[in-house]
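Encoded as structure tokens, the structure appears first; notes follow it.
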Amino acid sequence: MLGFLTARRAGLDDPLRLRRAESTRRVLGLQLNPDRDVDRIHGNGINTIDIEAVEGRYMLSGGADGVIVIYDLENFSGKLQYSCKAVCTVGRSSRYVHKFSVETVQWYPYDTGMFVSSSFDKTMKVWDTETLKPAEVFQFEGNVYCHHLSPIARKHSLIAVGTTNPKIQLCDLKSGSRIHILQGHRAEVLSVRWSPRYEHILATASADSKVKVWDVRRASGSLFTLDQHNGDKSKASSEAVNTAHNGRVNGLCFTGDGLYLLTTGTDDRMRLWNSATGENTLVNYGKVCNESRKRLQFTVSRGCSPEFVFVPCGSSVAVYTLHTGELVTMLRGHYNSVDCCEFHPDYQVSPSDLSPHSQEWFSKWDFIING
């Protein structure tokens, strides 16, 4: 690292190279932080978390008890040991609380004044953060497994929603109505993700073993369906043509640049796809344990070289190198099944880098929440 600093001071390296090198070093040194904790508010398992991108300070969590909590991740106490405090909660005593399990929470990408939650009570709610009251409630016919807002959209304000109905629902934040449906899947939709590169591109995963990529401006159907065999019919059985996995597909995640799409399935496999062509890159991650019947929330690092994938695996989190499939390490510390994880690009150093007089950096492992 001193070599990088010296080269940077001499003007031989650009800031991006130094940042990538340091971010990568810190990810490779991740370990459980003994000095940092998170207030325990949920009475049952935690299904979903999200860290807002505006300040990187506040984290949402949604639990099997229907409760939603907002945490402040910053430490203003000046002490090395501290707990991240819950600043507000939509608890069981609130008249607006979800009646059943909260499956997905997400901050509005451009403003912490709003967030969205969806639940097995067949509703999706758009919340005013200041009042903790829903500004809009969308009702559906079946349980809601997932929803997602585009992180980059400027020309639309659509929320994609996956439910027990095979049709993907597109809800408009501006009008407060469901404006369109996408038809093509034959079973419940377990995960939906907008591309971080093109605002009209959407990927969806279903219990029918298929992953479809859509351009929501087109009414004629999906752009393509991912095929694990890349069109090799000699390897694909007649009933498994154009399937992404040999089981339920319950996890989707784009890389930060949107060039690749990762999928996970109950066949204990994870696959990396070219998001533009739909080609299976054939990266072998080995057996990736996946016993979830619902959406699996996993994540990809940002600003590292190489990039890494963090996947819940039993009571641990498996860390893989994105393009080689190498298992780098297993992050251990939970006593029960891990259901979700999120990567915070600003807090990714091990506690060994901490000193009482240094700028405070914290391992992202602090915020991988037990489900």
Being within 29 Å of Ser209 (Cα to Cα), of a type in the set (S, T, N, Q) and out of contact with any strand residue (DSSP E or B) (no Cβ under 7 Å at 6 or more places or on another chain) is the filter here, so list the residues in region 148-180 that pass it. Thr164, Asn165
Given the residues Gly45, Gly66, Gly62, which is the only one that is at pLDDT 90 or above and on the phi > 0 side of the Ramachandran plot? Gly66
Number of the exception - Ala153 against (1) hydrophobic (A, V, I, L, M, F, W, C); (2) in a loop (DSSP other than H, G, I, E, B); (3) over 18 Å from the mean Cα position of the chain (by Cα): (3)
Can you find, within region 319-346, the residue that is farthest from Leu259 (Cα to Cα) among those that are hydroxyl-bearing (Ser, Thr, Tyr) and either surrounded by fewer than 21 Cβ atoms within 10 Å (Cβ to Cβ) or modelled with pLDDT under 50 (or both)? Tyr335
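Sort through His200, His180, His148 and tell me the only one that's touching a residue at least 24 places away in the same chain (Cβ under 8 Å) and surrounded by 18 or more Cβ atoms within 10 Å (Cβ to Cβ). Before the answer, list the steps.
Values: His200 fails: surrounded by 18 or more Cβ atoms within 10 Å (Cβ to Cβ); His180 fails: surrounded by 18 or more Cβ atoms within 10 Å (Cβ to Cβ).
That would be His148, the only listed residue that is touching a residue at least 24 places away in the same chain (Cβ under 8 Å) and surrounded by 18 or more Cβ atoms within 10 Å (Cβ to Cβ).
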Of the residues that sit in region 281-305 and are under 19 Å from the mean Cα position of the chain (by Cα), among the polar types (S, T, N, Q) and assigned to a loop (DSSP other than H, G, I, E, B), which one is surrounded by the fewest Cβ atoms within 10 Å (Cβ to Cβ)? Ser292
Which condition does Ala207 not pass, out of (1) under 18 Å from Ser150 (Cβ atoms); (2) of a type outside the set (S, T, N, Q); (3) surrounded by 20 or more Cβ atoms within 10 Å (Cβ to Cβ), if it passes all the others? (1)
Only one of (1) surrounded by 19 or more Cβ atoms within 10 Å (Cβ to Cβ); (2) closer than 29 Å to Tyr110 by Cα is not met by Asp227, so which one is it? (2)
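Filtering region 23-45 down to residues that are of a type in the set (A, V, I, L, M, F, W, C) and surrounded by fewer than 16 Cβ atoms within 10 Å (Cβ to Cβ), which residue is farthest from Thr329 (Cα to Cα)?
Selected residue: Leu32.
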On the given criteria, is Arg269 at pLDDT 90 or above, basic (Lys, Arg) and surrounded by 15 or more Cβ atoms within 10 Å (Cβ to Cβ)? yes
Which numbered condition in (1) under 18 Å from the mean Cα position of the chain (by Cα); (2) under 18 Å from Arg217 (Cβ atoms) is the only one that Gly162 fails? (2)
Looking at (1) outside any loop (DSSP other than H, G, I, E, B); (2) in contact with a His (Cβ under 8 Å, 6 or more places away or on another chain), can you tell me which one Asp267 breaks? (1)
Tell me whether region 216-224 contains one or more residues that are touching a residue at least 24 places away in the same chain (Cβ under 8 Å), outside any loop (DSSP other than H, G, I, E, B) and under 22 Å from the mean Cα position of the chain (by Cα). no
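The values are calculated or read from the model by the stated rules, or taken from the named source; none is laboratory data. Just so you know, these numbers come straight off a predicted model, no measurement behind them. Counting neighbours? That spans all protein chains shown, and the Cβs are built from the backbone with ideal geometry, glycine included.
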